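Values quoted throughout were computed directly from the atomic coordinates according to the rules given, and no laboratory measurement underlies them. Every value quoted in this text rests on a predicted model; they were computed, and no experiment measured them. Cβ sites come from the backbone with ideal geometry, for glycine too, and all protein chains shown count toward neighbours.
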Amino acid sequence: MQKPVYKRIILKISGEALAGSKGFGIDQQILNSIADQIKEVHNLGVEVAIVVGGGNIWRGRDSEQMDRATADYMGMLATVINALALQDVLENRGVQTRVQTAIEMREVAEPYIRRRAIRHLEKGRVVIFAAGTGNPFFSTDTTAALRAAEIEAEVILLAKKVDGVYDSDPLLNTAAQKYDSLDYIDVLNKGLGVMDSTATSLCMDNNIPIIVFGINTPGNIKRVILGENIGTLVRGS
């Protein structure tokens, strides 16, 4: 049996990926497929922490007529909905899961405590980080970079609807060229839509590699974990 390349990972799942072709809400088929893939990786002994977005329910930055901080807090609550849905399908598959939120809501989840999160991972539980960083003006990409640094994850797996990083939007430009690998500084200088600049800079400062890949192909998470060359690798030079 092949051995995983990574022992502890952060899997960042965008809200858009959960919506599938519906574009809004949660596509149960997609949710089930992601849960199956996470269970596959978990069964290999990999410690899995997840950061989930909320763009399938609410995207704060698109709300032009609302106070930005209020809109961002609403987006954080949307990530909690997605986290609870993901927890439910994972536990239905026998995978012990804990949701930790940056905004306290003890009736539905644990508050985020770094040492407790690490202990859950060591005990073989999947940990889902919800409610972003708990602060407005920061994206869930930044949350993924921050939590990866805090729990000493070896890599961030950025699960997207597209299968990597392109020089332009492949959904709009059929001639868009895919990158196999990039330096952090290239992502920043070229303004590529991998992560926002805050998240990319945080990964660069802490030397945390990012692998951007397509979530909609079953088995892709396991392929990345086993070291297959899929998607786009972002790292230091």
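Side notes on the structure shown:
- Out-of-range pairs (alpha-carbon distance over 22 Å; input K22/K190; K7/K161; K3/K161; K7/K123; K3/K222; K190/K222): K22/K190; K7/K161; K3/K161; K190/K222
- Segment I185..F24, full-extension length gain: 54.7 nm, with 0.36 nm per residue of separation and the alpha-carbon distance subtracted.
- Among the GluC sites (Glu not before Pro) found in segment 37-93, those both in a DSSP coil and sparsely packed, with 14 or fewer other Cβ atoms within 10 Å of their Cβ, are E64.
- Peptide ranges 131-143, 191-203 listed from the most packed, as the mean C-beta count within 10 angstrom indicates: 131-143, 191-203
- Calculated on alpha-carbon atoms, Rg and Dmax of the chain in Å: 16.5, 54
- Stokes-Einstein diffusion for segment 1-44, with the hydrodynamic radius set to the Kirkwood value over Cα pairs and evaluated at 4 °C in a medium of 1.567 mPa s, equals 109 µm²/s.
- Contact order normalised by residue count of segment 119-184, Cα under 8 Å, 6+ apart, percent: 15
- Calculated FRET value between T198 and I113, using beta carbons and R₀ = 25 Å, to 0.05: 0.60
- By the Stokes-Einstein formula, at 1.306 mPa s and 10 °C, segment 115-172 with its Kirkwood radius over alpha-carbon pairs has D equal to 117 µm²/s.
- In sequence order, calculated HN-Hα J values of segment 74-91 (Karplus, 6.51, -1.76, 1.60; Hz; x Gly/Pro): 4, x, 4, 5, 4, 5, 5, 4, 5, 5, 5, 5, 5, 4, 4, 5, 5, 5
- Segment 14-102: C-alpha pair distances exceeding 23 Å, %: 27
- Placing a label point 7 Å from the Cα of R93 along the Cα-to-Cβ direction, the residues of segment 203-227 with a backbone N closer than 19 Å are 213-227.
- At 1.002 mPa s and 20 °C, Stokes D of segment 163-237 from Kirkwood alpha-carbon radius, µm² per second: 166
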